[in-house]
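Notes follow the structure.
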Amino acid sequence: MGRSSSVQRYGLRSRVAVSPHWTGRGTALVSTEDFLHSIAATAMGFSFTFAVAAIILRRASNDLPFRLLDATAIAGPVVLPVGMMLATDVAGALQRGIFLVAYAWYARKSVLVWKREATQ
């Protein structure tokens with residue numbers, strides 16, 4: 001049972017849902033695009049992690065309290081990819097967890113900025 005069979009089992013009948021590079025003849029992903037995606041994803045992960053670390057350091061230098069969500073935003077992009085390598089059967093779910101952590105952090109940060117601007 002290949003990838004297209006498992007996708008069809010869950011009701012997604014389009015092979016495009018499996019891979020944008022599917023030609024219908026069993027063509028694999030283009031390795032160059034896969035490699036470039038890996039580089040871009042890694043760069044984004046490091047950028048996000050360094051940005052959150054910078055905010056944690058700025059808060060610490062201003063004697064502001066530590067936020068648990070900041071620590072989670074640092075740990076998520078580090079721990080979850082390791083989990084993806086160790087538990088390949090749930091790698092997709094763990095990858096979604098990385099996005100969930102990032103979006104939760106961005107949402108919380110946006111709410112804090114909005115509240116601060118509303119009080120000024």
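Can you find a residue in the range 1-17 that is at pLDDT below 85, under 23 Å from the mean Cα position of the chain (by Cα), surrounded by 14 or more Cβ atoms within 10 Å (Cβ to Cβ) and of a type outside the set (Asp, Glu)?
Yes: the range 1-17 contains one or more residues that are at pLDDT below 85, under 23 Å from the mean Cα position of the chain (by Cα), surrounded by 14 or more Cβ atoms within 10 Å (Cβ to Cβ) and of a type outside the set (Asp, Glu).
Can you find even one residue in the range 25-43 that is exposed (fewer than 14 other Cβ atoms within 10 Å of the Cβ), in contact with a helix residue (DSSP H, G or I) (Cβ under 8 Å, 6 or more places away or on another chain) and modelled with pLDDT under 90?
No, the range 25-43 has no match at all.
Report the residue count in the range 74-95 for those that are closer than 21 Å to residue 46 by Cβ, surrounded by 11 or more Cβ atoms within 10 Å (Cβ to Cβ) and without any contact (Cβ under 8 Å) to a residue 24 or more places away in the chain.
Here the count works out to 8.
The values are calculated or read from the model by the stated rules, or taken from the named source; none is laboratory data. This is a predicted model, so every value here is computed, not measured. Ideal geometry is used to build each Cβ from the backbone, glycine not excepted, and the neighbour counts take in all protein chains shown.
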